[in-house]
Amino acid sequence: TPSNSSAASDVYKRQLWDRAMSAQDLLSDEFQDIQREHLETLKLLSNRCVWLILAVLKNRRSGMINITALVNKLNSNYRTVNKCIEYMKGLGLIEDYRIGRLRLIKANEQSELLKRMLELIDTIEFS
């Protein structure tokens with residue numbers, strides 16, 4: 001019967017369309033995730049405070065510094081430096097320790113991202 005095959009054909013077309021739309025949605029979601037990653041990378045790379053803190057930590061024998069000394073060294077203010085520290089902690093670049101009221105930050109030596117950023121600092125400093 002012509003109507004049965006036509007109905008089956010319509011169902012088949014609808015299934016194909018639904019699959020195509022699902023695939024498009026998945027690709028769109030994946031693309032948005034990639035865009036977010038790139039934006040986060042650009043944000044990190046363009047953040048002057050992050051690079052300054054890493055340079056200061058790199059040049060310290062102990063690899064540690066307290067927040068007040070860091071604020072003074074960067075000629076900045078506590079709020080700005082603290083925001084940057086929290087951002088860096090979220091990325092796993094640094095760790096912080098508290099000893100009483102003293103707050104110390106230290107580079108996270110396990111971080112691959114940190115290692116690459118420090119290599120870049122070396123390249124820039126000695127070129």
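The values are calculated or read from the model by the stated rules, or taken from the named source; none is laboratory data. Owing to the predicted nature of the structure, the values given are computational and were not obtained by experimental measurement. Reconstructed Cβ throughout: ideal geometry from the backbone, glycine too, with neighbour counts over all protein chains shown. Ligands, DNA and RNA are excluded from the accessible area calculation, which covers all protein heavy atoms including side chains. Shrake-Rupley method; radii C 1.70, N 1.55, O 1.52, S 1.80 Å.
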### Task
Would you tally the residues in the range 104-127 being of a type in the set (S, T, N, Q) and in contact with an Asp or Glu (Cβ under 7 Å, 6 or more places away or on another chain)?
1
### Message
Can you report the number of residues in the range 59-103 which are open to solvent by 30 Å² or more (accessible area, probe 1.4 Å) and touching an Asp or Glu at 6+ places or on another chain (Cβ under 7 Å)?
### Response
1
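Being outside any strand (DSSP E or B) and over 18 Å from the mean Cα position of the chain (by Cα) narrows it down to one residue among ASN72, ASN82; which is it?
Among ASN72, ASN82, only ASN72 is outside any strand (DSSP E or B) and over 18 Å from the mean Cα position of the chain (by Cα).
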### the range 85-127, residues that are touching a Leu at 6+ places or on another chain (Cβ under 7 Å) and hydroxyl-bearing (Ser, Thr, Tyr)
TYR97, SER111
### Query
Hey, among GLU109, GLU95, GLU119, which residue is part of a helix (DSSP H, G or I), out of contact with any Phe, Trp or Tyr (no Cβ under 8 Å at 6 or more places or on another chain) and of a type in the set (Asp, Glu)?
GLU119
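If you scan the range 59-69, which residues turn out to be assigned to a helix (DSSP H, G or I) and of a type outside the set (Gly, Ala, Ser)? Even if it seems obvious, please write down each step before you answer.
To start, the set of residues in the range 59-69 that are assigned to a helix (DSSP H, G or I) comprises 67-69.
Result: ILE67, THR68.
Can you give me the number of residues within the range 36-58 that are open to solvent by 80 Å² or more (accessible area, probe 1.4 Å) and either modelled with pLDDT of 85 or more or not in a helix (DSSP H, G or I) (or both)?
Selection size over the range 36-58: 2.
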